[in-house]
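Reading through the structure tokens given below for one structure.
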Amino acid sequence: MSKPISLALVGIGKIARDQHIPSITGNPAFRLDAAVSRHGRVNGIENFEDFDAFLKARPDVTAVSLCTPPRSPFRHGCKGDRRRPRRASGKTTGTPPSAKPRHWPRSLVPPV
């Protein structure tokens with residue numbers, strides 16, 4: 001069997017506790033290594049309150065599962081790369097992605 005995927009869970013609430021954590025820990029293909037949540041904690045793993053702090057402290061985690069509501073400020077609150085996309089000419093395009101309305105399927109992570 002291959003090495004399990006190192007996973008962090010972002011947003012520890014009722015659904016994460018009742019559904020996501022049991023599914024992740026019950027699947028040998030995944031290993032829950034960290035949690036990021038302002039209010040919730042998961043015993044037995046490293047917990048963070050800030051997503052950027054998690055990214056700096058745990059570069060070894062290879063996947064992140066977002067378990068936050070679609071309009072959660074936590075989901076869009078990280079300080080990732082928010083530059084405007086550039087054309088081949090090097091000029092920026094119109095509206096930056098963060099200013100456009102977001103109509104993403106729940107299975108996809110909106111760009112930051």
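In region 49-88, of all residues being of a type in the set (D, E) and in a loop (DSSP other than H, G, I, E, B), the one that is modelled with the lowest pLDDT corresponds to D81.
Residues in region 49-70 that are more than 20 Å from D18 (Cα to Cα) and either among the polar types (S, T, N, Q) or surrounded by 15 or more Cβ atoms within 10 Å (Cβ to Cβ) (or both): D50, F51, F54, L55, R58, V61, T62.
Identify all residues within region 1-15 that are among the hydroxyl-bearing types (S, T, Y) and at pLDDT below 95; write none if there are none. Selection gives S2 alone. Among the residues of region 31-48, those identified as assigned to a loop (DSSP other than H, G, I, E, B) and either of a type outside the set (D, E, K, R) or in contact (Cβ under 8 Å) with a residue 40 or more places away in the chain (or both) are S37, H39, G40, V42, N43, G44, I45. When region 1-53 is filtered for residues that are polar (S, T, N, Q) and within 15 Å of P69 (Cα to Cα), the ones remaining, listed by number, are Q19, S37. For region 14-24, filtering for residues that are surrounded by 15 or more Cβ atoms within 10 Å (Cβ to Cβ) and farther than 21 Å from P59 by Cβ leaves 3. Listed by first and then second residue, the pairs linking a residue in region 16-29 that is free of Cβ contacts under 8 Å to residues at least 24 places away in the same chain to a residue that is not β-branched (V, I, T), with Cβ atoms under 8 Å apart and 6 or more places separating them unless they lie on different chains, are R17/G40; I21/L9; I21/L32; T25/L32.
The values are calculated or read from the model by the stated rules, or taken from the named source; none is laboratory data. Note that the structure is a prediction, hence the values are computed from the model and not measured. Cβ atoms come from the backbone with ideal geometry, glycine included; neighbour counts cover every protein chain shown.
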